[in-house]
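Engineer: Take a look at the following structure, please.
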Amino acid sequence: EQALQVAIDGPASAGKSTVAKLVAKRFGYIYVDTGAMYRAVTYWAMTHQVPLADDDAVAKMMGSLTISFKPGEPDQLVFANDEDITAAIRQPDVTNNVSTIAALPKVRALLTDHQRQIAAAGGVVMDGRDIGSTVLPKAEVKIFLVASAAERAKRRYAENITKGINTPLAQLQAEIELRDHKDSTRKVSPLTQAADAVLVDTTPMSIEEVVAAIAAIIKKQS
Ligand code: C5P
């Protein structure tokens, strides 16, 4: 059996990371959360007084920033150099600033290189916004995962509660919609469904159903 590249893209809170993790486990693939990389850069800039809209300054900062992952439950651990930033990068201030960082061309180029290196050998499930369209255009499997904004806000609300984050549901939905708008309308690698990606609308589906649907698509390819 071939070790494939599996790209899972879609708007915020569509369930990409939950599903990608389970799919990776099922096939013995590694899981790569590219959103966590953009979040790590955002967090690092915010805590090191680097202006978030300054592409050159943030790209320069990245020269002394190593982002890495370690196994952890329920979430993979995310490190910036030696600092565990797993919880910090999910805080609302990072979430609401990340689209600014994600619009910077030099920053995207650096992270895209890093992501391609990780995925080069295959056997990878990578989730994000531009994986099928830009990072891994030759990925054997491309999924575009969507759900209604109301459903996504509900899911994120429930997830936040377990992390002690108490943003009201209506505010969450507004923030999700704003982030999607920014991610979809930026000039460089906007959120978009690749022509050869399979659209999966998870609104009425359980996690198990989504995982089964994607696993079936992977099996067909391998
Ligand atoms: O997936 P997650 O919601 O954690 O991603 C956080 C943000 O990172 C997105 O809203 C988007 O601005 C950015 N991102 C991106 N390209 C990716 C992954 C994430 O621009 N491949």
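Engineer: Could you figure out which of (1) more than 9 Å from the ligand (Cβ to nearest atom); (2) out of contact with any Phe, Trp or Tyr (no Cβ under 8 Å at 6 or more places or on another chain); (3) in contact (Cβ under 8 Å) with a residue 60 or more places away in the chain isn't true of Arg90?
Structural biologist: With (1) more than 9 Å from the ligand (Cβ to nearest atom); (2) out of contact with any Phe, Trp or Tyr (no Cβ under 8 Å at 6 or more places or on another chain); (3) in contact (Cβ under 8 Å) with a residue 60 or more places away in the chain applied to Arg90, the lone miss is (1).
Engineer: If a residue must be closer than 23 Å to Thr95 by Cα and free of Cβ contacts under 8 Å to residues at least 40 places away in the same chain, how many such residues does segment 114-148 contain?
Structural biologist: 0
Engineer: Next question. What helices (runs of 4 or more DSSP H), lying completely within segment 1-102, carry at least 1 residues that are exposed (fewer than 15 other Cβ atoms within 10 Å of the Cβ)? Don't jump to the end; show me each part of the working.
Structural biologist: On the way: elements: 16-27, 34-47, 55-62, 92-95, 98-102.
Here the list reads 16-27, 34-47, 55-62, 92-95.
Engineer: Related question: Given the criterion among the hydroxyl-bearing types (Ser, Thr, Tyr), touching a strand residue (DSSP E or B) at 6+ places or on another chain (Cβ under 9 Å) and assigned to a helix (DSSP H, G or I), identify the matching residue among Ser133, Ser184.
Structural biologist: Ser133
Engineer: A further question on this structure: Can you name every residue in segment 142-171 that is assigned to a helix (DSSP H, G or I) and in contact with a strand residue (DSSP E or B) (Cβ under 7 Å, 6 or more places away or on another chain)? I'd like the intermediate steps shown before the answer.
Structural biologist: Taking segment 142-171 first, the residues assigned to a helix (DSSP H, G or I) are 149-162, 169-171.
Residues satisfying the conditions do not exist here.
Engineer: Condition first: within 29 Å of Thr202 (Cα to Cα), out of contact with any strand residue (DSSP E or B) (no Cβ under 9 Å at 6 or more places or on another chain) and not polar (S, T, N, Q). Now tell me which residues in segment 23-55 satisfy that.
Structural biologist: Result: Arg26, Gly28.
Engineer: Name the single residue, out of those in segment 166-194 being hydrophobic (A, V, I, L, M, F, W, C) and in contact with a Lys or Arg (Cβ under 9 Å, 6 or more places away or on another chain), that is nearest to the ligand (Cβ to nearest atom). Explain how you work it out, then say what you get.
Structural biologist: Start the filter on segment 166-194 by keeping residues that are hydrophobic (A, V, I, L, M, F, W, C), which leaves 169-170, 172, 174, 176, 178, 188, 191, 194.
Imposing the further condition that a residue be in contact with a Lys or Arg (Cβ under 9 Å, 6 or more places away or on another chain) reduces the set to 169, 172, 176, 188, 191, 194.
Values: Leu169: 18, Leu172: 13, Ile176: 9, Val188: 9, Leu191: 7, Ala194: 12 Å.
Once the filter is applied, the top-ranked residue is Leu191.
Engineer: Which residue is surrounded by the fewest Cβ atoms within 10 Å (Cβ to Cβ), if the candidates are limited to segment 130-147 and must be of a type in the set (Gly, Ala, Ser) and either near the ligand (Cβ under 9 Å from one of its atoms) or within 20 Å of Tyr38 (Cα to Cα) (or both)?
Structural biologist: The first filter runs over segment 130-147 and keeps only residues of a type in the set (Gly, Ala, Ser), leaving 132-133, 139, 147.
When the remaining residues are screened for being either near the ligand (Cβ under 9 Å from one of its atoms) or within 20 Å of Tyr38 (Cα to Cα) (or both), the result is 132-133.
Working: Gly132: 29, Ser133: 22.
Checked segment 130-147; the qualifying residue surrounded by the fewest Cβ atoms within 10 Å (Cβ to Cβ) is Ser133.
Engineer: What do you reckon, is Lys219 in contact (Cβ under 8 Å) with a residue 60 or more places away in the chain and either farther than 15 Å from Arg129 by Cβ or within 15 Å of the ligand (Cβ to nearest atom) (or both)? I'd like the intermediate steps shown before the answer.
Structural biologist: On the way: in contact (Cβ under 8 Å) with a residue 60 or more places away in the chain: no; either farther than 15 Å from Arg129 by Cβ or within 15 Å of the ligand (Cβ to nearest atom) (or both): yes.
Judged against the criteria, Lys219 is not a match.
Engineer: Met62 passes all but one of (1) away from the ligand (no atom under 14 Å from the Cβ); (2) in contact (Cβ under 8 Å) with a residue 24 or more places away in the chain; (3) over 15 Å from Val98 (Cβ atoms); which number fails?
Structural biologist: Failed condition: (3).
Since every read-out is calculated from the coordinates, none of them should be taken as a lab result. Predicted model only: the values in this text are computed from it and were never measured. Note that we place each Cβ from the backbone using ideal geometry, even for glycine, and neighbour counts take in every protein chain shown.
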